[in-house]
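Shown next, in structure tokens, is the structure this report addresses.
The values are calculated or read from the model by the stated rules, or taken from the named source; none is laboratory data. Nothing here was measured: the structure is a model prediction, and the numbers come from that model. When we count neighbours, we look across all protein chains shown, and the Cβ atoms used for this are built from the backbone with ideal geometry, even at glycine.
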Amino acid sequence: MAREYSVSRRTALKLTGAAASTALVAGCGGSGNGNGGNGGNGGNGEGPFEIDPDTDIELRSLASSWEGIAPDPISGVENPDLSLQEGESYTMIWAENDQGTHNLAIYDDSQSEVEGPTDQTDEEEPGLELDFEPSDETVEYVCVPHYNAGMAGNIELQ
Ligand SMILES: [Cu+2]
């Protein structure tokens, strides 16, 4: 075991330079898995970003994706993956709408709503909220009409 580890470790170190440039090329593909630590459910966006309980998670809807507004680490990030604490309280707020008609819901792993959906609206400041406690059931936050277009981000447990 130890030998295997040291070999793969050395290989990893040796590949670092090449991997870095490959990653830049791969990034252009767009389906991006963010980072290697995300083995769970595919990875829609960057992250996951660890967020403390009792934090308001504010999102902006774009034409067919979400963008983080707050807290700071997710600001400007498209479809940020979130890492949350199981059983604690979080509020997800659909604060701004850039364009289009959307809603906000939380899906389980069979794409069934466990929270929401909110009303579907094209208002610029929807101000719609979902209060939820992260669990095995809260797998991703989505816009239901644009889910198949990739308007979703993962919710992982810390
Ligand atoms: Cu949408």
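Structure above, values below:
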| quantity | calculated |
| --- | --- |
| Answer residue from segment 77-110, given it is within 15 Å of the chain's Cα centre (by Cα) and in a loop (DSSP other than H, G, I, E, B) and is farthest from the ligand (Cβ to nearest atom) among those | Gln85 |
| Pairs where the first residue, in segment 101-116, is outside the structural domain of Asp131 (by TED's automatic domain parsing) and the second is within 13 Å of the ligand (Cβ to nearest atom), C-beta under 6 Å, 6+ apart | none |
| Segment 122-158, residues that are of a type in the set (Ser, Thr, Tyr), in a loop (DSSP other than H, G, I, E, B) and crowded, with 20+ Cβ neighbours inside 10 Å | Thr138 |
| So Asp56, is it within 20 Å of Gln158 (Cβ to Cβ) and either of a type in the set (Asp, Glu) or more than 16 Å from the ligand (Cβ to nearest atom) (or both) | yes |
